[in-house]
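Since the structure comes first, as structure tokens, the remarks are kept for the end.
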Amino acid sequence: MNVSLRWLEEFLRRPLDAKDVSDRLAMLGAPVDAVEPLHTDLGAVVVALVEAVRPHPNADRLSICIVNDGATERHSVVCGAPNVTAGRKYPFARVGATLPGGFTIEERKIRGETSQGMLCSARELGLGQEHDGILELTTAATPGTPLLKALPIDDHRLVVDVGPNRPDLLCHKGIARELSASYGTPFRLPVIPHTGPIGVPPSRRSGATADAGGIEIVIEDVESCPRFHGGLVRGVRVGPSPEWLRRRLESVGVRSISNVVDATNWVMLELNQPMHAYDAAKIRGGRLIVRRGLAGERLVTLDEVARALTPDMVAIADAEGAIGLGGVMGGAGTEVGHETHDVLLEAAWFDPVRTRATRRSLGMSTEASYRFERGIDRWGGADAMRRCLEIILVTGGGELIEAPVDLAPVSANPPRIFLRPARVAQVLGVELPWEEIERHLVAIGATVVSKPEDGRIAVDAPGWRPDLEREIDLVEEVARLHGYDAFPSELRPFRAGSLRDAPVEAVATSVRRGMASQGLHEVVSLPLGAPDGDESVRLLNPLSAEDGFLRRRLLPGLVRLVERNWANHVSDVRLFEIGVTFSAAPAGERPAEERRLAAVMTGRREPPHWSGTGNDPFDMWDLKGRLEAAVALAIPGAAIQVEGNGWTVRDGAGRVVGQGGPLAADAPPWAGPLFGFEVAIDPAPRRPVSFVPLPTTPASERVLALLLPEALAAARVADVIRGASGELLESVTIESDYRGPELPSGSRSVAFRLTFRAPDRTLRDTEIDQAESRLLAVLEDELGIGRRDAGISRAGE
């Protein structure tokens, strides 16, 4: 969106600095992409008075002008324009001045007469296309006054990046409203230059049918066009626009066409209401109908292109056929020209969805469709109609036969939203006073009614803000106008969300932390590349020929990043990426996706340090260590096997799930060897790590040497011990397993170390003795075993 700084100054009634405005708009969510100075190259041009004009002695079409530029001496200037008259003022470029385009004025002889400067035309100054005559100035400025001071033509064009959810910023009034809230000053519409009163009565409300100065307007497609404003002006003189209108449009890059067309463009750029002007004499049958297009119907639009309409499009028709394409472009058959005397103005609201579908179907985009697609103010058409009528009556004359009509078959109001200041404090973390919240909402045009007894504020959203639908939208507005930089930056307590991360995301986070702890840097690359085997997935609309397929592996992309680092003389590179790879599936099915981890490393293992040389390069064993760490995190239980000159990773079923080894790359002579690996990530949830607090009381240990038969497993005995020893038993370990000739045949002696501990006290020997006695009784009863020094066990008999 191109915005004129001068136009904004007229809204706010105050001088503005381009940089300050850019900074404020950026903080308000509408960053300025560029600031383009306009006409600042006219600083050397001054206002001059032509005191005398005489014919050139050696040329019939040239004249010699005596110019007063405020200096003591007068200048003799040779001029070929026929409109220069003594006693009038014109722009004058002195010798040495440089005009737009880099043309420098020099003193030179023309047909034997010396010319000391140049009187300038509008085209030579970059102020228009007129070059047949010198630009005459109607100003009270004295000779020698800089032209930029005498005429407010210097300006700055701001290129504002407007998001799709803020259509209100596609006009100067919307930008001025934002700046008004930021500066804390009021704003109002600029005054239209005129010499008498302009009387435009309020619009006449109607249903689906109304009469506008003898032309019947009918809305048949109420769904696509629920609001339509029309006004008829008779006796209009269509011609060039006055300087103030033409210059304002040109400041934002819009070409002046005629006073009527320029008036509609002015309103669109000022109020964000696209308008259209019809030559009323060309509306056949005296009827203007808003309906759907007919099958096989054709229309020649203003760009002289014949277009086929469909029943899905909105057509503006007269009694005999389509004359315009609703929301997109008017028709050439009713175009306003210099022969036009009666003008019918249209200011409508068209459905954004249908407008977008029509624009895409026809492959055309206009300033009007750009705004209708995003949603204009459904309740602002009457003000736009009044403004456009005022400009036409001032610049083209004519007579408004009767009040304009406002067709609204379906009644509607802007949404009402209830905002809780407590919710504002909860979301923003700062409790703002009710008065400040109300002030911010009023600044954006909302109507507010406080309800302290209910703890909320009733907010009627303005019609020009279709993005305000929920309470959270208003919270965002309060935060935006309060200023994001005004919120405290310290970390405060917060409540985590109740929705858990997907298991694969938790696994990926664990792998990411593990790789970072290994000294690798994470990268994120586009999942595109060259074909990589028969299973590569081709893109139907690739960004480039080099990136025409979805990637099957992560390593090729990492290798390209290493080569890019090498190209910038970076020799020490260690990167990893966690991303999705794609493989082709049978026809009609989506490609198979798999999340993988890949890493590459080259250069020195560690930086130079006093404790070592820092020159040792990465080798295969560094790769193996990082591969083992990655496998433990990404796919626990997988086995790493040597295969060729690298390693292969296989899961429990024997499938290959990863590989690692040296990599080939376009390396410079000074680069070290490149190593890398890539493994699949098992998305299964991992068992969380459990932590046991350190004991605060001492432990007591006993060693039981039990006589076991050969057929009895020691693990089974340990399980019985754990179950029979109660809460005091902390651990059981097997200390020895002995066989010897002194033992009974078919038996062995197994020693179990038992650790006892109470969390709140130091155990006494009597407590451990009792526990040991109960344990031996259970072993004798369940397994038939006992102490080694008790003789042959019953199980061995």
Could you say which residue among Ala751, Ala777, Ala724 is over 60 Å from the mean Cα position of the chain (by Cα), aliphatic (A, V, I, L, M) and modelled with pLDDT under 90? Ala724
Pairs with Cβ under 6 Å, 6+ apart, first in the range 380-404 and within 17 Å of Arg227 (Cβ to Cβ), second open to solvent by 40 Å² or more (accessible area, probe 1.4 Å) and outside any loop (DSSP other than H, G, I, E, B): Ala403/Arg204
Do we find that Gly70 is in contact (Cβ under 8 Å) with a residue 60 or more places away in the chain, part of a loop (DSSP other than H, G, I, E, B) and under 30 Å from Met268 (Cα atoms) in this structure? no
Unique residue being surrounded by fewer than 16 Cβ atoms within 10 Å (Cβ to Cβ) and closer than 30 Å to Arg787 by Cα when the list is Asp719, Asp666: Asp719
Condition broken by Gly239, with the remaining ones in (1) over 28 Å from Gly380 (Cβ atoms); (2) open to solvent by 20 Å² or more (accessible area, probe 1.4 Å); (3) of a type outside the set (D, E, K, R); (4) in contact with a Gly (Cβ under 8 Å, 6 or more places away or on another chain) satisfied: (2)
Among residues of the range 198-234 being part of a loop (DSSP other than H, G, I, E, B) and either open to solvent by 40 Å² or more (accessible area, probe 1.4 Å) or free of Cβ contacts under 8 Å to residues at least 12 places away in the same chain (or both), the residue nearest to Asp279 (Cα to Cα) is Gly214
Would it be correct to say that Leu707 is within 30 Å of Asp572 (Cβ to Cβ) and aliphatic (A, V, I, L, M)? no
Which is open to solvent by 50 Å² or more (accessible area, probe 1.4 Å), over 34 Å from the mean Cα position of the chain (by Cα) and not hydrophobic (A, V, I, L, M, F, W, C), of Gly363, Gly333, Gly337? Gly333
Kindly indicate which of Val410, Val427, Val448, Val442 is without any contact (Cβ under 8 Å) to a residue 40 or more places away in the chain, β-branched (Val, Ile, Thr) and open to solvent by 50 Å² or more (accessible area, probe 1.4 Å). Val442
Scan the range 295-304 residue by residue and report those that are in contact (Cβ under 8 Å) with a residue 24 or more places away in the chain, open to solvent by 50 Å² or more (accessible area, probe 1.4 Å) and outside any strand (DSSP E or B). Leu302, Asp303, Glu304
Taking only pairs six or more apart or across chains, which ones have beta-carbon atoms under 8 Å, a first residue in the range 240-251 that is more than 17 Å from Leu158 (Cβ to Cβ), and a second residue that is modelled with pLDDT under 90 and open to solvent by 50 Å² or more (accessible area, probe 1.4 Å)? Pro240/Arg246; Pro242/Pro193; Trp244/Pro193
Give the range 478-503 a look and list any residue that's at pLDDT below 85 and surrounded by 10 or more Cβ atoms within 10 Å (Cβ to Cβ), or say none. Asp501, Ala502, Pro503
Restricting attention to the range 29-84, which residues are among the small types (Gly, Ala, Ser) and in contact with an Asp or Glu (Cβ under 8 Å, 6 or more places away or on another chain)? Ala30, Ala48, Ser76, Ala81
Among the residues of the range 275-291, is any buried (at least 23 other Cβ atoms within 10 Å of the Cβ) and either more than 20 Å from Leu232 (Cα to Cα) or of a type in the set (S, T, N, Q) (or both)? no
Given the conditions (1) crowded, with 18+ Cβ neighbours inside 10 Å; (2) farther than 30 Å from Leu25 by Cβ; (3) acidic (Asp, Glu), and given that Asp168 satisfies all but one, which numbered condition is not satisfied? (2)
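Every residue, every condition in (1) under 43 Å from the mean Cα position of the chain (by Cα); (2) assigned to a strand (DSSP E or B), yes or no:
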{"residue": "Ala599", "(1), (2)": "yes, yes"}
{"residue": "Glu606", "(1), (2)": "yes, no"}
{"residue": "Ala629", "(1), (2)": "yes, no"}
{"residue": "Gly654", "(1), (2)": "no, no"}
{"residue": "Gly658", "(1), (2)": "yes, yes"}
{"residue": "Gly661", "(1), (2)": "yes, yes"}
{"residue": "Arg687", "(1), (2)": "yes, no"}
{"residue": "Pro695", "(1), (2)": "no, no"}
Residue count for the range 98-114, restricted to those that are part of a loop (DSSP other than H, G, I, E, B), open to solvent by less than 50 Å² (accessible area, probe 1.4 Å) and modelled with pLDDT under 90: 1
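The values are calculated or read from the model by the stated rules, or taken from the named source; none is laboratory data. Here the structure is a predicted model, which means the values were calculated and not measured. Here the Cβ is made from the backbone with ideal geometry for all residues, glycine too, and neighbour counts use every protein chain on show. What goes into the accessible areas is simple: the full protein's heavy atoms, side chains included, and nothing from ligands, DNA or RNA. Shrake-Rupley method; radii C 1.70, N 1.55, O 1.52, S 1.80 Å.
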